[in-house]
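Novice: I have a structure here, written as structure tokens, and I will follow up with some questions on it.
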Amino acid sequence: MTEAYIIEINNHTAGIVTRDKRAFRFFSSERLFDSLEGREFRSARDAERAARALLSERPRPQG
């Protein structure tokens, strides 16, 4: 049975993670999170933390 989780951060659907025997693999759904594509994480929460970190590193528009 496959475990899959959607990772949403603020108004962004970062992607999904699916679990195999060893780890959770990330699949990006927005370009912003493409650098995480295919990475393996120990948990879905670890993948969420990585996506949050990417979002927080993004330059914010000034105005």
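The values are calculated or read from the model by the stated rules, or taken from the named source; none is laboratory data. These numbers were taken from a predicted model, which means no experiment stands behind them. Every residue, glycine as well, gets a Cβ built from its backbone with ideal geometry; the counts of neighbours run over all protein chains shown.
Novice: So, in segment 1-29, of the ones that are of a type in the set (S, T, N, Q) and not in a loop (DSSP other than H, G, I, E, B), which residue ends up nearest to ARG42 (Cα to Cα)?
Specialist: So the first thing to find is which residues in segment 1-29 are of a type in the set (S, T, N, Q), and the list is 2, 10-11, 13, 18, 28-29.
Retained after the next criterion (residues that are not in a loop (DSSP other than H, G, I, E, B)): 13, 18, 28.
Values: THR13: 20, THR18: 11, SER28: 17 Å.
Checked segment 1-29; the qualifying residue nearest to ARG42 (Cα to Cα) is THR18.
Novice: Considering segment 10-24 alone, what residues qualify as being at negative phi and under 9 Å from the mean Cα position of the chain (by Cα)? Spell out the reasoning first.
Specialist: To start, the set of residues in segment 10-24 that are at negative phi comprises 11-14, 16-24.
Scanning segment 10-24 gives THR13, ALA14, ILE16, VAL17.
Novice: Residue by residue through segment 9-23, note down the ones that are under 12 Å from ALA51 (Cβ atoms) and touching an Asp or Glu at 6+ places or on another chain (Cβ under 9 Å).
Specialist: Looking only at segment 9-23, we keep the residues that are under 12 Å from ALA51 (Cβ atoms), and these are 9-10, 12-17.
ILE9, HIS12, THR13, ALA14, GLY15, VAL17, listed by residue number.
Novice: Please give the number of the condition ILE7 fails out of (1) at pLDDT 95 or above; (2) in contact with a Phe, Trp or Tyr (Cβ under 7 Å, 6 or more places away or on another chain); (3) of a type outside the set (Lys, Arg).
Specialist: Here ILE7 clears every test but (2).
Novice: Could you grab me the full set of residues in segment 30-48 that are surrounded by 14 or more Cβ atoms within 10 Å (Cβ to Cβ), without any contact (Cβ under 8 Å) to a residue 24 or more places away in the chain and part of a helix (DSSP H, G or I)?
Specialist: Listed by number, the residues that qualify are PHE33, LEU36, ASP46.
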